[in-house]
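The values are calculated or read from the model by the stated rules, or taken from the named source; none is laboratory data. No experiment lies behind these values; they were computed from the predicted model shown. Methodologically, a virtual Cβ is constructed for each residue, glycine included, from the backbone with ideal geometry; neighbour enumeration extends over all protein chains shown. These accessible areas exclude ligands, DNA and RNA; they are computed on the full protein's heavy atoms, side chains included. Shrake-Rupley method; radii C 1.70, N 1.55, O 1.52, S 1.80 Å.
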Amino acid sequence: MILYVLRRLAATAAILLVVCAATFAIFYLMPADPAQGACGKACSPERIAEIRTTLGLNHSVFVQFRDYLVGFTAGRTYGTGAQAVHCPAPCLGFSFQTDQPVWRMLTDRLPVSISIAMGAAVLWLIVGVTAGVISALRRGSLWDRAAMTAALGGVSLPVYFTALVLQYLLVVKLGLLPYPQAIALTADPVGWAESMVMPWITLAMLYAGIYARITRGEMLDSLGQNYVRTARAKGLPEATVLRRHALRPALMPIVTIFGMDLGALLGGALITESVFGLPGVGKLAADAINSADQPVILGVTLFAATFVVIANVAVDLVYALLDPRVRAVG
């Protein structure tokens, strides 16, 4: 098991390095000049040349990438002399719009994205998997048809539409909830939960429908397998048959997509955060794209990619626990 974990961690480091290199190359090949973006529109050629020297843009892409990696691990100093500015590790550069370190901007907004992602994940996992299991056990019943119709509706509705409808109904019309805002969990747990309810429901309606349909299909497949019929023929209790012999193999694909979905949302739920005005990583990405803030866009991209890769490693480890054959193959 230890060797399996070490191999996965080594593969993770290699993947992150490739993602970092590819993302950096894309921004290097973009026609927009980072020095022009840092200086603004009304900027003299002399000032642009000075900024290019400060940012190290006069060097080759390989030297710039090396400096970027060194800055992330050991910090980096921009400029020389009295104009020098130090960026402590992990350094992802400075925002062109606010002059703040990109890493600090990301970590300041991360708690909001974590609150949205984790709460929504718990909600959609419970609702989606439960609905899928019940639909599989009651195949063809009124519950099955109603649940699958609701799941299809949840998958079909755009996130921004669901968010706007919820705001109108729960805030404007009924006055049951306040407008969402960034409240720290430790400062006001009740206010934090009230502000997160609508983002949670918005994302859960989408993902719960997907999970319900997948769980139903996998459960129906498991219930038709010979080992389930054998377990029933041995006289095992029905609850044991369903839990140990039908549900466990049905959860394998659920683990895969759950890890991917959660990892992606931890990197920022861009549309949900933008509609509700919550200052998470996704909202930061949207603002950076609108203002062409290249260091922030690059930082958010790497940040989100890191969460997705880490989620994949977690999925591999859970797979190894659920199915020992994975360890042997891996």
Could you calculate the FRET efficiency of PHE62 with VAL255 from 1/(1 + (r/R0)^6), where r is the beta carbon distance between them and R0 is 51 Å, rounded to 0.05? 0.85
Please give the peptides 127-136, 284-293 ranked by average Cβ packing (other Cβ atoms within 10 Å per residue), highest first, as a rough proxy for protection. 127-136, 284-293
Expressed as a percent, the accessible surface of the chain that is carbon or sulfur, using a 1.4 Å probe and the full set of protein chains, is 67
Hand me the trypsin sites (Lys or Arg not before Pro) from the range 11-92 located in a DSSP loop with no more than 13 other Cβ atoms within 10 Å, in residue order please. LYS41
Karplus (6.51, -1.76, 1.60) ³J(HN,Hα), θ = phi - 60°, over the range 221-231, in Hz, Gly and Pro reported as x: 5, 5, 5, x, 7, 5, 5, 6, 4, 5, 4
Rounded to the nearest 0.05, what FRET efficiency is calculated for THR98 and VAL172 with R0 set to 25 Å and r the Cβ-Cβ distance? 0.15
Mind checking the per residue accessible area of the chain for me, 1.4 Å probe, whole number of Å²? 53
Extending each Cα 7 Å along its Cβ direction at ALA10 and TRP143, get the distance between those two points in nm, one decimal. 4.9
For LEU92, distant residues with modelled amide H under 5 Å away: VAL102, TRP103
CYS87's amide H: which non-local residues (gap 5+, or another chain) put their own amide H closer than 5 Å, with H modeled 1.01 Å from N in plane and none for Pro or chain starts? ARG76, THR77, TYR78
Expressed in nanometres to one decimal, the distance between label points 7 Å along Cα→Cβ at ILE26 and GLN225 is 3.8
Report the normalised scattering of the chain as log10 I(q)/I(0) at q = 0.08, 0.12, 0.14 Å⁻¹, calculated by the Debye formula with identical scatterers on the alpha carbons. -0.51, -0.98, -1.17
Tell me, what ³J(HN,Hα) does each residue in the range 143-152 have, in order and in whole Hz, if you take phi through Karplus 6.51 cos²θ - 1.76 cosθ + 1.60 with θ = phi - 60° and put x for Gly and Pro? 4, 4, 5, 5, 5, 6, 5, 5, 5, 5
Longest to shortest principal axis, alpha-carbon extents of the range 209-294, angstrom: 66, 22, 16
With θ set to phi - 60°, apply the Karplus curve 6.51 cos²θ - 1.76 cosθ + 1.60 along the range 250-266 and write out the HN-Hα couplings as whole Hz, x wherever there is a Gly or Pro. 5, 7, 4, x, 5, 4, 4, 6, 5, x, 5, 5, 5, x, 5, 6, 5
